[in-house]
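Comments concern the structure below.
The values are calculated or read from the model by the stated rules, or taken from the named source; none is laboratory data. This structure is a prediction, so every number in the text was calculated from the model and none was measured. Here the Cβ positions follow ideal geometry from the backbone for every residue, glycine too, while neighbour counts run over all protein chains shown. Note: accessible area is taken over every heavy atom of the protein model, side chains too, but ligands, DNA and RNA are not part of it. Shrake-Rupley method; radii C 1.70, N 1.55, O 1.52, S 1.80 Å.
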Amino acid sequence: MRRIIIRNLGPIKDVTLDLNKINVIIGPQSSGKSTIAKVISFCTWLDKKFSKEGLPKKNELTDYIRELKTYHRLSNGYFNTSTQIYFIGDFIELCYNNCHPMTLTKYGFSLSELSANTAIRFEIGMRHSTPIDNNSKVIYIPAERNFVSAIYNLQEYLRDEDNIQDFVLNWYEAKRRYSNENKLNILNLGVEYYTEGEDIDKLHLQNGGDITLQIASSGLQAVVPLITMFDYTTRGIYNEKRPMSVKERDELIKKLNELVKEDNEKKHKIDLLIDVIGSTNYRYSQIIVEEPEQNLFPLTQRDLVYYMIQMCNDPNRNHRLTFTTHSPYILYALNNCMMGHIVKDKIPEPERPELISRNAWINPQLVSVWEIECGTVRSIQDRDGIVSENYFDLNMKTLTDEYFQLLNYYDEK
């Protein structure tokens with residue numbers, strides 16, 4: 001079980017989420033959707049980092065909260081004396097408590113109690129006695145992603161060390177995989193993406209022509225970076241080796257040298273061994289996306305949901321996806337994916353090819369959908385896991401009620 005608890009952070013008052021394979025957060029603008037997604041992203045990254053490297057020293061812990069604020073641009077105004085963040089990951093337990101002491105033992109795991117009288121307000125505990133290989137790719141895809149589509153000479157804009165800069169760096173790593181000989185099809189839009197020359201972003205059109213991404217429609221500028229990063233992080237990186245970080249390599253050398261002591265012959269063999277295992281593969285990806293529906297026509301939003309779920313359904317990798325949205329079409333498409341799984345055994349084989357969601361069918365038990373309002377959340381799934389009444393439905397009723405009220409005064413003559 002993975003769990004995130006956030007209290008009194010920005011617009012969030014009290015939120016508890018048991019994280020699933022697919023997590024969806026809906027709500028009005030400025031309701032705190034992105035705040036939750038950013039905290040999930042950051043804690044997931046810490047879970048991956050410390051599972052590989054072991055726990056940090058006590059005096060380093062407060063640095064990570066500063067990094068959360070900087071990376072995700074959460075100003076000090078988001079935090080107050082009652083801000084609390086608790087995270088139970090695959091490998092670590094994290095507790096950030098800005099005031100009151102609390103433990104996580106009631107959830108079945110041990111974590112040192114924090115004292116209200118100590119300066120140490122941030123603690124991490126391992127759920128396992130030794131570090132475990134959690135070599136996942138954690139990537140945050142911000143709402144500002146179309147920035148990479150619209151700006152020429154993007155390298156000049158790499159200034160702040162935040163999630164936008166990190167996305168830009170990941171964008172360059174990913175996009176160079178797609179050449180004129182290895183184009184990437186973009187949903188059902190009749191275009192293929194590739195790079196040319198010195199990182200020039202190009203789109204190949206159905207009529208045989210080519211244009212630069214910078215002069216394409218706003219919808220393409222928004223969806224091309226998203227599809228490119230999704231394809232790369234769910235498929236592309238698994239065809240490549242990930243180099244060891246300097247710290248990972250140093251730790252490996254240290255541990256191996258401890259085993260052989262001063263045996264020079266064995267040390268020489270270890271050097272050869274390190275060269276062989278000096279790179280490693282990712283095992284799976286954990287992707288967090290802000291508002292995937294940006295600038296997209298409803299049917300394209302549908303196809304995007306089918307694409308994302310299909311890519312995460314890879315039976316060989318435990319990909320995970322969290323995204324925020326305020327589009328009802330996203331939920332309609334997600335319902336199709338879950339209902340397809342529920343009724344799949346009853347669908348006659350000849351009818352299956354007609355159902356375009358068929359490759360994205362997913363067990364509703366692997367999906368969690370929450371609605372956020374007034375700083376708290378509630379599940380909007382029924383007992384079968386299908387999305388039920390939510391604020392989209394209520395808003396639609398409000399709009400149509402006014403229309404029918406006005407219709408009373410309409411004279412066809």
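Scanning the stretch 328-341 for residues being without any contact (Cβ under 8 Å) to a residue 40 or more places away in the chain and open to solvent by less than 10 Å² (accessible area, probe 1.4 Å) gives a total of 3.
Suppose the filter is touching a residue at least 24 places away in the same chain (Cβ under 8 Å) and within 20 Å of residue 284 (Cβ to Cβ); does residue 6 pass it? Judged against the criteria, residue 6 is not a match.
When residue 242 is tested against (1) under 26 Å from residue 290 (Cβ atoms); (2) modelled with pLDDT of 90 or more, exactly one condition is not met: (2).
In this structure, residue 349 does not satisfy being acidic (Asp, Glu), touching a residue at least 24 places away in the same chain (Cβ under 8 Å) and either crowded, with 19+ Cβ neighbours inside 10 Å or more than 22 Å from residue 40 (Cα to Cα) (or both).
Scan the stretch 315-322 and give yes if some residue there is open to solvent by 70 Å² or more (accessible area, probe 1.4 Å), of a type outside the set (Phe, Trp, Tyr), more than 19 Å from residue 389 (Cα to Cα) and more than 18 Å from the chain's Cα centre (by Cα), otherwise no. Yes, the stretch 315-322 contains a residue that is open to solvent by 70 Å² or more (accessible area, probe 1.4 Å), of a type outside the set (Phe, Trp, Tyr), more than 19 Å from residue 389 (Cα to Cα) and more than 18 Å from the chain's Cα centre (by Cα). Just one of (1) modelled with pLDDT under 95; (2) closer than 19 Å to residue 75 by Cα; (3) open to solvent by less than 10 Å² (accessible area, probe 1.4 Å) fails for residue 46. It is (2). Taken over the stretch 358-380, residues that are modelled with pLDDT of 95 or more, outside any strand (DSSP E or B) and open to solvent by less than 60 Å² (accessible area, probe 1.4 Å) amount to 5.
Scanning the stretch 163-178 for residues that are among the polar types (S, T, N, Q) and buried (at least 20 other Cβ atoms within 10 Å of the Cβ) turns up 163, 170.
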